[in-house]
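Take a look at the structure set out below.
Throughout, read-outs are computed from the coordinates displayed, never taken from laboratory work. Note that the structure is predicted; figures quoted are calculated from it, not measured. All Cβ positions, even for glycine, are placed from backbone atoms using ideal geometry, and neighbour counts span all protein chains on display.
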Amino acid sequence: MSSISESKIHLDVRERVQTLCRDIATHDYHYHVLDAPLISDAEYDHLLRELRALEAEHPELVLPSSPTQRVAPRPLAAFDTVGHRVPMLSLANAFSRAELESFDRRVRETYDGQVQYVVELKIDGLAVAVRFEHGHFVQAATRGDGETGEDITANIRTIRSLPLTLRLPLTLEARGEAYMPRVAFTKLNEERAEQGLQVFANPRNAAAGSLRQLDAREAGKRNLDVVFYALSELEAADTDPKSHEDALSLLARAGLKVSPLRQTVDSIDAAFNLCLEYQAKRHTLPYDIDGIVIKVNNFDAQRQLGATAKSPRWAIAYKFPAEQVVTRLLNIEITVGRTATLNPTAVLEPVAIAGTLVSRASLHNAEFIAGKDIRIGDLVYVAKAGEIIPEVLGPLVDRRTGAEKAFVYPANCPECGTPAVQRAGEVAWRCPNPACAALLRERIIYFVSREAMDITGIGEALVANLLAHGLVQDAGDLYFLTREDLLKLPRLQAKSAAKVLAAIDKSRGNSLERLLTALGIPLVGTKAALTLAQGFGNLEQLGTARYEDLVAIPDIGDKMAASITEFFALPSTHTLLDKLKRAEVNFTYLVNLRFTGSHTGTSLAGLIFVITGTLPGLSREEATGLILAHGGTVSGSVSARTNYLLAGEKAGEKLTKAQALGVAVISLSELQAMLKH
C-alpha cells in the first residue's frame, strides 16, 4: 500500500514538473518573443522557485529542456569547432540608391519571373546558426569563416527568448543575429566601470564577447537577445516553405523571434523608401541597426540567382551613411603594410563614432593628404567607412588658427631607411627593400591571421619576438620552429609554446584557398583565392599558369592576372614555397565532402567545364565540387579551350556561345556517367 502511495506521489510530482516547464516556457515566449507578458514578474519568479525546489528534491525528473538548465554549471576549457552543413555567407553591401538599383537590375536580368523583395532590419550583433532536432534545441555555432564556426551551445541557451523546445516538433537550422539591447549594454558598461574593468566599445562587441565567454554563467548575466532571419535547413516537415516570407512565418509559429520588420514589397523603390524610414528612426530603436537587408522572396528565384564564393546574389544589405564627427588631428604616423606600402594613419583626439571610441583613423595615401590639404593640428571630419573602418574625410579650413603644420610625406621607409619608390600609375609609395623588417613582420602577421592560415596563439608581439631573436625570416620558417626555440623567448611558458606548435601543425592541412590568401599576393583577397583554388586545384598548376590561363578564370581580371604571374616569378616566392613544401603544407584545394561524399578520382583530369542553367537537385557549387573532385577544371566563361558545357534548365548565352564554338553540351546525367569511367 505504501509503495502504491509513493508511486502516486512521484507521478504527481512528475506531472507538476512537466506542467511547470511548459508554463514557464509559455511565459518566456510571451515575455521575450511577443513582448506581451501574461503574468507579473513576481508570479513568474514564484513558478521558477517551485520548479527549482521540486528538481532539487527529485533530480531524476530534471529535463534537458527545463528552464533551470539554461546555464551550464561548469566553465568550458575551450570552444569546439562546428562545420556548417550549409555555408554561412556574408552579404554584399550597398551604400546608395544607385547601387540598390544595380542589384535590382541584375536580379531581373537573371530571373524572368515576378520579383518580390522582403525587407528586414539589419540588427548589429553576431551571426549564429541554431539547430533543433524534433523540436529540441541541440546546438548553436558562430559564423566563423563561413565553413566552420565556434560551438557556443552552452552560452546561447542562456538567452531567454530562445526556446529550448519549439512549439512545433521540427528538425531545422535557423540563422540569426545574437545581440545586446541598448539598455543591457548601458547597464553592463556601468557595472564594468564600477569594477575598474575596460568597458565595451559598442553593443556588437559586447554581444560577441559575451557569447565567447568560456563560463556560461557569465554569459547568462549579460541579458542577450537573438532574432532569426533565415531558415537554412528543414527536414521531414509537413510544410515546405516556397518563399523567404513563408520560412520566417514558420520560424515565428515554431516560437522563434524573427525580425520586427519583415515587409514584402514589389519594387526596389519601395525597399529604398523603407531604408530611408528606418535610417531616420534608427536611434529610437531598443537595439543597434546598421542597415536594412533586402532579399528576393521566392526560393526558386534564389536558387536560380545562386551565390558567389562569399555572398548570395539574391540578397543585399543597404548600409546607412556613416556618421560624421569633428575632432583634432594630433599627428600622422607612417607604417609599412604587408604589400610594402607606406600607409599614413591619423592620430586623433579620442572621439565617439557610431558607438565606438576612435583615436586613430585612415588617411589613405600621400595624394589624399595633399589633395585635401590636411595639416597636423587641423580640426577634421571623421567617419566610419561602412561603419567599420574610421577614416578622415577632410579638414575644417575655416577653423584654422595658423598654428597648423603641413605634413611632409617621408622620402624614406620609416623602418629601414630605404628610399621609397612610386610605381607608374600608382598613388602609393612603397619600400623596395624585400628584407625590410616591417615588411617581413606584416607579411607573417597576415599569414597567421584568422582569414588566412588561422594559426591561433601567434599575434603581433610573438611575431616581433621571433624576428628579433632571428628564429624566422619568413612565414615558411614557422613550420620548422621547435619547443626549444620558443622557450628561448621571454615570457613564453611551456604550455603556451605547446599550443602554438599544435596550431602551426594543424594549419598544414588547410585547403589551398587559405594558403593563397596567406601568401598575400597583391590584389588577391579571400574571394579571389577561392576562385583560383577551385580553378587550378593545386599550387603547382597555379604557379606555372600563363597570363592567358589566369584571365580565363571568372573574376580574374588583367591587373590581378599580371600581379599573380609577377608574384610567382619572384625569387623570394620560390624560397618561401620551397620551405612550405618541405614542411608538408597542403598545396591542394580540398573539396568539401558535403558535395562529393567520399567519391573522388581522376576521370575528368585535363578537362575544362563551364556550368550554366539550373541543374536538377544540385547547386552550381555542388556541381563544381564534383568536377574538381574528379580532376576537372571549372571555368566561368566559354572559350575554344572549353571541353564541355554542363547545361541545366534555362541555360542562357553560354549555351549559345558553346554551340557556336562547337563545344560539347552535356546534361547532369551525362556528367555522372563520365564520373563512373
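Would you kindly state how much longer the chain becomes between GLU50 and ALA498 on full extension, computed as 0.36 nm times their sequence separation minus their alpha carbon distance, in nm to one decimal?
156.4 nm
For the chain, the Cβ-based charge dipole about the Cα centre amounts to some 960 debye (Lys, Arg positive; Asp, Glu negative; other atoms uncharged).
Using 1/(1 + (r/R0)^6) with R0 = 30 angstrom and r between the beta carbons of PHE480 and THR345, what's the FRET efficiency to the nearest 0.05?
About 0.35, to the nearest 0.05.
From least to most packed, judged by other beta carbons within 10 angstrom and beginning with the fewest, TYR409, TYR547, TYR278 follow the order TYR547, TYR409, TYR278.
For the pair ARG212 and ALA411, what calculated FRET efficiency results from E = 1/(1 + (r/R0)^6), where r is the Cβ-Cβ distance and R0 = 45 Å, to the nearest 0.05?
0.50
A simple spin-label model places pseudo-atoms 7 Å from Cα toward Cβ; at SER619 and THR308 they are separated by 1.6 nm. Which FRET efficiency, nearest 0.05, do GLN672 and ALA98 yield, Cβ-Cβ r, R0 51 Å? E(calc), rounded to 0.05, equals 0.70. With 0.36 nm allotted per residue and the present C-alpha distance subtracted, the ASP240-GLU584 stretch has 119.1 nm of extension available.
For a straight C-alpha distance cut-off of 18 angstrom, the aspartates and glutamates reachable from LYS506 (same-chain residues fewer than eight places away being disregarded) are ASP80, ASP145, GLU147, GLU150, GLU451, ASP454, ASP477, GLU584. Model label sites at THR335 and GLU60, defined 7 Å from Cα along the beta-carbon direction, differ in position by 6.2 nm. Placing +1 on the Cβ of each Lys and Arg and -1 on the Cβ of each Asp and Glu in the chain, which of THR153, THR482, ILE666 has its Cα farthest towards the positive end of the resulting dipole? Ranked along the dipole, the leading option is THR482. Considering every pair of different Cα atoms, what Kirkwood radius, in Å, is found for region 206-280? Result for region 206-280, one decimal place: 15.4 Å. Label-to-label distance for GLU277 and GLN422 is 5.0 nm, based on points extended 7 Å past Cα in the beta-carbon direction. Descending by average beta-carbon neighbour count within 10 Å, the peptides 609-618, 336-345 line up as 336-345, 609-618, the highest first.
Cross-link partners of LYS657 among lysines, defined as those whose alpha carbon lies under 28 angstrom from its own and excluding same-chain residues fewer than eight positions apart: LYS310, LYS527, LYS559. Taking the helices alone, the chain has a mean residue ellipticity at 222 nm of -11000 deg cm²/dmol, built from -39,500 (n - 2.57) per DSSP H run of at least 4 residues and averaged over all its residues.
With 28 Å as the limit on Cα-Cα distance, the pairs of LYS122/LYS384; LYS499/LYS581; LYS187/LYS295; LYS295/LYS650 that go past it are LYS187/LYS295.
Residues VAL118, VAL265 in ascending order of nearby Cβ atoms (within 10 Å, fewest first): VAL265, VAL118. Labels on offer are [x] 15, 40, 36, 9, 0; [y] 14, 44, 35, 6, 0, 0; [z] 20, 54, 25, 1, and the one holding P(r) over Cα pairs in 20 Å bins from 0, in percent computed from this structure is [y].
This ranking places TYR644, TYR318 by how few other beta-carbon atoms lie within 10 Å of each, fewest first, which gives TYR644, TYR318.
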